[in-house]
Amino acid sequence: MTSDTNGQIKDQIVTKPQMAQPRRLTFIHTVKALEPVFALLAAEKLPGWQIASVVDESLLSRVIANGHVAEDVSDRLASHVNAARTGGSSAIIVTCSTLGKAVDALAAKSATPLFRIDRGMAERAVSQASTIGILATLPTTLEPTTRLLESTAKRMGRPCKFVSQLVNEAFARLKSGNPEAHDLLVQEAYAALSAKVELVVLAQASMARALQAGQYPKPYLTSPELGMDQIASLLRLSRMSAD
């Protein structure tokens, strides 16, 4: 209690400062093995954020079966995005490069920031090299990654040449529980492709593990860390980060 200038006692109401609610980041994965990878990266790049994950491997399975991203896949992805938004997410990241075009379409009309994971990798590749190899284990990823790199080069005014290579059977080995065979196939394909280019891009986040150990003659880029670096920077610029 305090006294006023007339000497009368008055109650003093002390309000405690409101604690800021942690922001929520939701990942949408189509490969379950990527969930812990991105959880660790998010904890490093965006400390203080709550991390949530949605794993829906049927999205990628349907694309592989159909050979393209059909309307039902886009609709299912949209439902996951809407659920994350209504659940309180401040930002959403889709870690599947195959769904890149669908993510871009949803992002254009989303009030909540929605990101594809491979854009940071594409910008780094185009800024560092003029002859770029694109290595993929799925044909449904090779095409959207190539489109992204071509559009990025055009936007950045860079005259780049792209050489693509598909690693047959590697993704099937990974899905069947044989990651060592997957990694070996990716490593062999990288060795062949790197002889023709200045830099190699690994089109899928699931490929990043294959070249983590060892020394390689040409630089290679993967989407998880580069994508998270770019997204964390964009969120900080928009003052959404807790930093």
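The values are calculated or read from the model by the stated rules, or taken from the named source; none is laboratory data. Note that this is a predicted model, so its numbers are computed, not measured. Quick reminder, even Gly has a Cβ in these numbers, built from the backbone with ideal geometry, and neighbours come from all protein chains shown. Accessible surface is based on the protein model in full, side chains and every heavy atom, while ligands, DNA and RNA are left aside. Shrake-Rupley method; radii C 1.70, N 1.55, O 1.52, S 1.80 Å.
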Would you mind telling me which residue in Ala203, Ala153, Ala192 has the biggest mean-square fluctuation in a Gaussian network model of the chain, where springs connect alpha carbons within a distance under 10 angstrom?
Ala192
Show me, bin by bin at 10 Å from 0, the whole-percent P(r) of the chain based on Cα pairs.
7, 29, 32, 17, 4, 3, 3, 3, 1
Give me the extension gain from Glu180 to Ala65: residue separation times 0.36 nm, minus the current Cα-Cα distance, reported in nm with one decimal.
39.0 nm
I'd like the projected area of region 123-188, averaged over all directions, using the convex hull of its alpha carbons. Report it in nm² with one decimal.
4.6
Once you order the gyration tensor axes a ≥ b ≥ c over the Cα atoms, which shape class does region 89-154 get: rounded for a/c under 1.5, otherwise prolate or oblate by comparing a/b with b/c?
prolate
Considering the chain as a Gaussian network with a 10 Å cut-off on Cα pairs, which listed residue, Ile92, Ile64, Ile28, attains the greatest mean-square fluctuation?
Ile64
How far apart, in nm, are the 7 Å Cα→Cβ label points at Thr131 and Gln212?
3.1
P(r) of region 60-176 in 10 Å steps, Cα pairs, percent per bin?
13, 39, 34, 14, 0
The aspartates and glutamates whose Cα lies under 20 Å from the Cα of Lys45, excluding any fewer than 8 residues away in the same chain, are Glu35, Asp118, Glu123, Glu225, Asp229, Asp243
Three-way shape label, region 155-223, alpha-carbon gyration tensor, a/c 1.5
prolate
Taking Cα atoms, how many degrees apart are the long axis of helix 223-237 and the longest axis of the chain, rounded to 10 and kept between 0 and 90?
30
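Which of the peptides 140-148, 93-101, 209-217 is most tightly packed, and how do the rest follow, going by the mean number of other Cβ atoms within 10 Å of each residue?
Result, highest mean first: 93-101, 140-148, 209-217.
How large a share of the accessible area of the chain, in percent, is made up of carbon and sulfur atoms when the probe is 1.4 Å and the other protein chains stay in place?
Summing carbon and sulfur atoms, their accessible area is 51 percent of the total for the chain.
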Residues of the chain: accessible area per residue with a 1.4 Å probe, Å²:
52
Taking all protein chains together and a probe of 1.4 Å, list Lys161, Lys175 from the most accessible to the least accessible.
Lys161, Lys175
Leaving ligands, DNA and RNA out of it, work out the accessible area of Asp183 with a 1.4 Å probe and give it in Å² to the nearest 10.
20
Label-point separation in nm, Arg147 to Ala192, each point 7 Å along Cα→Cβ
2.6
Paired Rg and Dmax values of region 102-240, which use every Cα atom, in angstrom:
15.4, 44
Rounded to 10°, Cα long-axis angle of helix 34-45 versus longest principal axis of the chain
50
Surrounding net charge for Leu106, when Lys and Arg each add one and Asp and Glu each subtract one, Cβ distance under 12 Å:
+3
